[in-house]
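Enquirer: Here it is, the structure in full.
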Ligand code: 4AD
């Protein structure tokens, strides 16, 4: 619309007559006044119509929840109104009237019902706020890498081989052949890093994980970076800088959304001012088993053994103990993927780290230095029972100018959930894919 304005910029138009295009979120009638709560995707404003307005009053009365409309009126500052502004409505142009009951009435619904109606659920203020925080996470990741001279590059989704183990592959019939949906773009980013120096991408990742937890999606988005001539320490520094940058941006630019989500932002702010904690896998094992001693004794939680990965309770205990993000470093080689560089003073371990967030949000980043020696890589493929053939091009990277390099993958939904302070990853992506959930 020619003179349409958006609700988020309403403050610039006080005293002016404006046109707002959107949807009716709610309507209340109080004697001779009606309050129309209108949303336009950028925010919510309260519109007011009085009986003296005649036909407009009747038009307002006929509006139903989520009907689309265009309203013209004057903006007034009003501290009592939600958002601090009010629209004195002069004209209503109904675009489409919702007939019958809107499925998501303004009351409590169960998660199953809401997920079935995800296409409508995302219109509610809380869900829209989360998606705006997600946008900020995505955009700030791009800006961070861009400012540091990284080249955005892409990895294929259809792949002939596994990156993160063969147990979570989604198989696709690729003409007469088999292909797999990518679990991670890493192997391809290693190739583009050797071509372009430092690269990143934000792309979808697929894991046929049968785990039905709050922290697992079968399709999620990962921000991955790969840097040639980069080693373990520098890799961790890059991750810490990135996470702090994203948090700082969200706090600065999405304060309104975080308030809507009732996020306690002091906790996020405090993280910006101190270095992330670090603990070796070996020490973290002892620590977690000690922290969870009572629960282990009561049989509620498993005691972790050498070589085992953390489950949700272990990650939560670790996060709570440090009260800030913590890098868990140097895992046993056998519990991680085939491509990780051994630790020089103890080749049983690898130069890898997972970043565990605070407040129980669990692992948000997995990263490592990659093997640069061709013979070692071949040996590792054999040890992991992987055939060489689909990886010949990957082995080539060590044949032709092999160099130390490192990188990581950050789970976009995990980081968004943590920043937004939401419980379940399913709300941090527009259309979640989970075990038993493929619709809408
Ligand atoms: O630790 P992961 O498996 O690491 C990789 O895939 C590496 N190849 C990345 C790299 O080095 N380029 O996964 C990275 C991150 C995890 O820390 C987690 O945040 C997220 O991806 N993630 C998931 N998020 C949602 N649902 C799942 N099922 C996830 N699995 C991993």
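The values are calculated or read from the model by the stated rules, or taken from the named source; none is laboratory data. Just so it is clear, the structure is predicted and the values come from calculations on it, not from any experiment. So basically every Cβ, Gly included, is an ideal-geometry build from the backbone, and we count neighbours across all protein chains shown.
Enquirer: Where residues in region 164-181 are in contact with a strand residue (DSSP E or B) (Cβ under 9 Å, 6 or more places away or on another chain) and assigned to a loop (DSSP other than H, G, I, E, B), which of them is nearest to the ligand (Cβ to nearest atom)?
Expert: So the residue we want is 164.
Enquirer: Determine whether region 116-129 contains at least one residue that is buried (at least 18 other Cβ atoms within 10 Å of the Cβ) and within 16 Å of the ligand (Cβ to nearest atom).
Expert: no
Enquirer: Do we find that residue 185 is in the same structural domain as residue 401 (by TED's automatic domain parsing), in contact (Cβ under 8 Å) with a residue 24 or more places away in the chain and buried (at least 18 other Cβ atoms within 10 Å of the Cβ) in this structure?
Expert: Answer is yes for this residue.
Enquirer: Further question on the same structure: Taking region 132-166 on its own, how many of its residues are out of contact with any helix residue (DSSP H, G or I) (no Cβ under 7 Å at 6 or more places or on another chain) and buried (at least 17 other Cβ atoms within 10 Å of the Cβ)?
Expert: Summing the residues that are out of contact with any helix residue (DSSP H, G or I) (no Cβ under 7 Å at 6 or more places or on another chain) and buried (at least 17 other Cβ atoms within 10 Å of the Cβ) in region 132-166 gives 5.
Enquirer: Moving on. Among 63, 106, 36, which is the only one that is under 30 Å from residue 424 (Cα atoms) and touching a residue at least 24 places away in the same chain (Cβ under 8 Å)?
Expert: Exactly one of 63, 106, 36 is under 30 Å from residue 424 (Cα atoms) and touching a residue at least 24 places away in the same chain (Cβ under 8 Å), namely 106.
Enquirer: If you scan region 249-269, which residues turn out to be touching a residue at least 40 places away in the same chain (Cβ under 8 Å) and within 30 Å of residue 368 (Cβ to Cβ)?
Expert: 249, 250, 267, 268
Enquirer: I'd like to check something: does region 132-148 contain any residue that is over 17 Å from residue 410 (Cα atoms) and within 16 Å of the ligand (Cβ to nearest atom)?
Expert: no
Enquirer: Next up: In region 149-163, how many are closer than 30 Å to residue 248 by Cβ and within 11 Å of the ligand (Cβ to nearest atom)?
Expert: Result for region 149-163: 1.
Enquirer: Oh, and also: If you check residue 251 against the conditions, is it within 25 Å of residue 126 (Cβ to Cβ) and in contact with a helix residue (DSSP H, G or I) (Cβ under 7 Å, 6 or more places away or on another chain)?
Expert: Yes; evaluated as a whole, the condition is true for this residue.
Enquirer: Just need a number here: residues in region 119-134 that are assigned to a helix (DSSP H, G or I) and without any contact (Cβ under 8 Å) to a residue 60 or more places away in the chain.
Expert: Final tally of qualifying residues: 2.
Enquirer: A follow-up question, please. Looking at 240, 262, 234, 257, can you tell me which residue is surrounded by fewer than 21 Cβ atoms within 10 Å (Cβ to Cβ) and over 30 Å from residue 404 (Cα atoms)?
Expert: Criteria check complete, one pass: 262.
Enquirer: Going through region 167-178 one residue at a time, which ones are more than 26 Å from residue 333 (Cβ to Cβ) and either surrounded by fewer than 13 Cβ atoms within 10 Å (Cβ to Cβ) or modelled with pLDDT under 95 (or both)?
Expert: Correct list: 171, 173, 174, 175, 176, 177, 178.
Enquirer: I would also like to ask the following. Residues being in contact with a strand residue (DSSP E or B) (Cβ under 6 Å, 6 or more places away or on another chain) and crowded, with 20+ Cβ neighbours inside 10 Å: count how many of those fall in region 297-326.
Expert: Residues in region 297-326 being in contact with a strand residue (DSSP E or B) (Cβ under 6 Å, 6 or more places away or on another chain) and crowded, with 20+ Cβ neighbours inside 10 Å: 5 in total.
Enquirer: Same structure, new question: Please work out if residue 14 is outside the structural domain of residue 132 (by TED's automatic domain parsing), over 27 Å from residue 133 (Cβ atoms) and crowded, with 19+ Cβ neighbours inside 10 Å.
Expert: no
Listed here are the residues, each with its yes/no results for (1) more than 15 Å from the ligand (Cβ to nearest atom); (2) touching a helix residue (DSSP H, G or I) at 6+ places or on another chain (Cβ under 8 Å).
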site: 354; (1), (2): no, no
site: 362; (1), (2): no, yes
site: 376; (1), (2): yes, no
site: 393; (1), (2): yes, yes
site: 403; (1), (2): yes, yes
site: 406; (1), (2): no, yes
site: 409; (1), (2): no, yes
site: 412; (1), (2): no, yes
